[in-house]
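Colleague: Okay, handing you the structure first.
The values are calculated or read from the model by the stated rules, or taken from the named source; none is laboratory data. As the structure is a prediction and not an experimental result, all values here were calculated from the model. Here the Cβ positions follow ideal geometry from the backbone for every residue, glycine too, while neighbour counts run over all protein chains shown.
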Amino acid sequence: MAAKMNGVWKIKSSDNFEEYMKALGVNMAMRKMGNLAKPVLTVEINGKAFYMKSESTFRTLETRCTIDEEFDEETPDGRKCKSLFCWQGEKLIQTQKWGDKETTLTRYCEGDLLLMELKLGDVVAKRVYEKK
């Protein structure tokens, strides 16, 4: 599964992302930028080593971690959280915890697409990426 995720991906569509950012507590100005951003993701998974770079006109973020090991992460909206990536079957699940909140980001491939489901409480957003 990791081999399918490796590569460069550009966003194709986004559904309910504004509501998801609102649930996270992201301010209106940053939500507007988040909705306008068309991120390009570079994903490299080699064994348990995980690397992802998200590039847009607004910001570039890089994440390096070891799958199955919790690490400190600062999110694009400035949250400082504990984050963990782990495999569940063919899905790569990322859990972020801060304060008394928790969000789950699920990534998986379907055909030539990389699908991402973002969930916080009962708010669910979906983003679809295609290989560049």
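Colleague: Which one of these does M30 not meet: (1) outside any helix (DSSP H, G or I); (2) surrounded by fewer than 17 Cβ atoms within 10 Å (Cβ to Cβ)?
Modeller: (1)
Colleague: Please tell me if K12 is surrounded by 12 or more Cβ atoms within 10 Å (Cβ to Cβ) and not in a strand (DSSP E or B).
Modeller: No: the conditions fail for K12.
Colleague: Inside the range 70-90, can you point out the residues that are farther than 17 Å from K53 by Cα and either without any contact (Cβ under 8 Å) to a residue 24 or more places away in the chain or assigned to a loop (DSSP other than H, G, I, E, B) (or both)?
Modeller: Correct list: E70, R79, K80, C81, K82, C86, Q88, G89, E90.
Colleague: Taking the criterion of being modelled with pLDDT of 95 or more, more than 13 Å from the chain's Cα centre (by Cα), exposed (fewer than 14 other Cβ atoms within 10 Å of the Cβ) and over 27 Å from L36 (Cα atoms), would at least one residue in the range 50-65 satisfy it?
Modeller: No, the range 50-65 contains no residue that is modelled with pLDDT of 95 or more, more than 13 Å from the chain's Cα centre (by Cα), exposed (fewer than 14 other Cβ atoms within 10 Å of the Cβ) and over 27 Å from L36 (Cα atoms).
Colleague: If you check I67, I11, which single one turns out to be over 23 Å from V123 (Cβ atoms), in contact with a strand residue (DSSP E or B) (Cβ under 8 Å, 6 or more places away or on another chain) and hydrophobic (A, V, I, L, M, F, W, C)?
Modeller: Only one candidate passes the filter, namely I67.
Colleague: Keeping to the range 66-79, report how many residues are closer than 27 Å to M28 by Cβ, surrounded by 12 or more Cβ atoms within 10 Å (Cβ to Cβ) and of a type outside the set (D, E).
Modeller: Total satisfying the criteria: 3.
Colleague: Those residues that are closer than 23 Å to N6 by Cα and at pLDDT below 95, I need them from the range 90-109; list them, please.
Modeller: E90
Colleague: Look through L84, L118 and report the one residue that is more than 20 Å from G7 (Cα to Cα) and either over 11 Å from the mean Cα position of the chain (by Cα) or not hydrophobic (A, V, I, L, M, F, W, C) (or both).
Modeller: After ruling out the rest, the residue left standing is L84.
Colleague: Sticking with this one: Restricted to the range 33-42, and to residues that are touching a strand residue (DSSP E or B) at 6+ places or on another chain (Cβ under 6 Å) and modelled with pLDDT under 95, which residue is surrounded by the fewest Cβ atoms within 10 Å (Cβ to Cβ)?
Modeller: Residues of the range 33-42 touching a strand residue (DSSP E or B) at 6+ places or on another chain (Cβ under 6 Å): 38-42.
Next cut, modelled with pLDDT under 95 only: 38-39.
On the way: K38: 12, P39: 21.
This residue is K38.
Colleague: Test L36 against the criterion of being closer than 20 Å to V128 by Cβ, without any contact (Cβ under 8 Å) to a residue 24 or more places away in the chain, touching a Cys at 6+ places or on another chain (Cβ under 8 Å) and not aromatic (F, W, Y), and give yes or no. Outline the logic, then answer.
Modeller: Details: closer than 20 Å to V128 by Cβ: yes; without any contact (Cβ under 8 Å) to a residue 24 or more places away in the chain: yes; touching a Cys at 6+ places or on another chain (Cβ under 8 Å): no; not aromatic (F, W, Y): yes.
Judged against the criteria, L36 is not a match.
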